[in-house]
Amino acid sequence: MNAPHRRGACPGLSAPMPTGDGLLVRLVPTGPIPLDAFVGVCEASLQHGNGIIEISARGSLQVRGFTPCSAPLFPSAVADLGIVAEEGIPVIAGYDLTGARVDTVAAGLRRALAEAKLVLSPKVSVVVDGDGALHLDSLSADIRLRAAEPSLKTRFYVGLGGNSESARWLGSIAPNDVVSTVLGLLKVIAVRGPAARAADILRTEGVGAFDSVLAAFIGPTPAPPRRMPARMIGLHPGRDSTTTVGIGLAFGHSRAETLVELIRTAADVGARAVRSTPGRAILLIGVAETGAVGLRRAAEQLGFVVCADDPRRRIAACPGAPACAAGLIPARALALALAPTLERVMGPGRNDIAVHISGCHKGCAHPMPAALTLVGTAGGCGIIHHGSAGAAPEYHVDPAHLGAEISRIAAKTHEAADG
């Protein structure tokens, strides 16, 4: 086990990060986890940590509350369970019900990147996506691959920087060229220093910085067509007469005991595996069609998010105080208490974050602007309209009076809409 991870980098299985409630470990599984093994992770989190498990916005498992003595025991427990977790450059694979073999492509990339030992920013990532409905278009990455629609057979679109909409699409490649292309693009980033990112290079040098890779591997192809937003939460019929059930974790976290209860209920209706996904959700794979609705009902009773339109999905909240040492307000507890009132200040929209509650100005849970941001400061809870947590608050409110202030904002919002 390495020394505790420095802030500003990314925690990993062997590089825990200090927080207010102990050390945090991030587990990035390389594929679906069998149900028994997932229960084992939950039990290990109770034995060695504080039993709080989170799913990050990018689909990683985060386990909290380790001590310097207990943290080294968790990776051993994960290994004993047979779970393969990646460290190093994240290669995030989409889950495609149509059968595109994105996991195979992602696995090959992980092996190649481990051997290459490139020195890159810890924030650099690669997305390998399919062409189905459960896509990763909203996820930002330095390099993104997307399986082309059938008219282009088995080629992959290649994009740089940003999400699917903001990325610079370069063209397409054959599957046999995936490893060479991605390595070539990452080497261009690596030679510009350990803090370099693809989007920064495109902004300062233009796409010409990647000409050598473009000429060698990438064929000119129009940008991929836009897709409807992915809705991970819900019931997704598969090709084998089973259903994949998407369940969200409210504000991205759960007690391990509650997750175990959900997983055991899923096992009773035939589920084979669980997969964490971007958007702070899990997919329960292989559920019998006759048991899917009952499983979703049981998950709802346990407090999980079972509807894609649940207003809690439009509220981003970090743990805040006391779980985070930097937190100045109990952000997640406030989100839970204020959720019914906050729903009234949300404008139209189904997938965007409308409200961000941040323990401090860093805004880890949602770095982008939101319609309403509540941020912890030394002077109380800062109120920011249409800005990020790093912006200067327009005014401050005592956290004890936040409910009344949100009600006032909601009333004003409705007055403006009616006027």
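Quote to one decimal, in nm, the extra length available between Arg344 and Asp240 on full extension: 0.36 nm per residue of separation minus the C-alpha distance between them.
Answer, rounded to one decimal: 33.3 nm.
Can you give the direction-averaged projected area of the convex hull of the alpha-carbon atoms in the stretch 313-418, in nm²?
If you wrap the Cα atoms of the stretch 313-418 in a convex hull and average its projections, you get 6.0 nm².
Expressed in nm to one decimal, what extension gain is obtained for the pair Ala223 and Thr154 from 0.36 nm per residue of sequence separation less their Cα-Cα distance?
23.3 nm is the gain from fully extending Ala223 to Thr154.
Could you size up the charge dipole of the chain around its Cα centre, putting +1 on the beta carbon of Lys and Arg and -1 on that of Asp and Glu, and report it in debye to the nearest 20?
With only Lys, Arg, Asp and Glu charged at Cβ, the dipole is about 540 debye.
Cα centroid distance between the stretch 185-200 and the stretch 382-402, in Å?
Taking the Cα centre of each part, the stretch 185-200 and the stretch 382-402 sit 35 Å apart.
Simple spin-label model, 7 Å along Cα-to-Cβ: Ala411 to His385 in nm?
With each label point 7 Å from Cα toward Cβ, the separation is 1.6 nm.
Which value in Å does the Kirkwood hydrodynamic radius of the chain take, with 1/r averaged over all unlike C-alpha pairs and then inverted?
22.4
Rounded to whole Å and sorted largest first, list the principal axis extents of the Cα atoms in the stretch 105-229.
Between the extreme Cα coordinates on each principal axis of the stretch 105-229 lie 38, 28, 27 Å.
Where does each of Ser172, Ser276 land when they are ranked from fewest to most other beta-carbon atoms within 10 angstrom?
Starting with the residue having the fewest Cβ neighbours, the order is Ser172, Ser276.
If you rank Thr244, Thr377, Thr290 by fewest surrounding Cβ atoms within 10 Å, what's the result?
Exposure proxy ranking, most exposed first: Thr290, Thr377, Thr244.
Which one, Leu145, Ala292, Ala93, is farthest towards the positive end of the dipole of the chain when Lys and Arg carry +1 and Asp and Glu -1 on their Cβ?
Leu145
Given a Förster distance of 35 angstrom, what is the FRET efficiency for Arg264 paired with Ala325, based on the Cβ-Cβ distance and rounded to 0.05?
According to the calculation, E is roughly 0.50.
Using the 10 angstrom Cβ neighbour count as an exposure proxy, how do Arg192, Arg239, Arg314, Arg111 rank, fewest first?
Result, fewest neighbours first: Arg239, Arg111, Arg192, Arg314.
Pick out, from Leu134, Ala190, Gly279, the residue whose Cα sits farthest towards the positive end of the charge dipole of the chain, with +1 on the Cβ of Lys and Arg and -1 on the Cβ of Asp and Glu.
Selected residue: Ala190.
Using Cα pairs under 8 angstrom and six or more residues apart, how large is the relative contact order of the chain, in percent?
The value is 12 percent.
Out of residues 5 or more away from Ala308 or on other chains, whose amide H comes under 5 Å of its own, with H placed 1.01 Å from N in the peptide plane?
none
Given the convex hull of the Cα atoms of the stretch 226-356, what is a quarter of its surface area in nm²?
Orientation-averaged projected area of the Cα hull: 9.3 nm².
FRET efficiency for Val293 and Asn163, Cβ-Cβ distance as r, R0 = 35 Å, nearest 0.05?
0.60
Values in this text are rule-based calculations from the coordinates and carry no lab data. Just so we're clear, the structure is a prediction, and the values are computed from it rather than from any experiment. Using ideal geometry, Cβ is built from the backbone for each residue, glycine included, and neighbour counts are taken over all protein chains shown.
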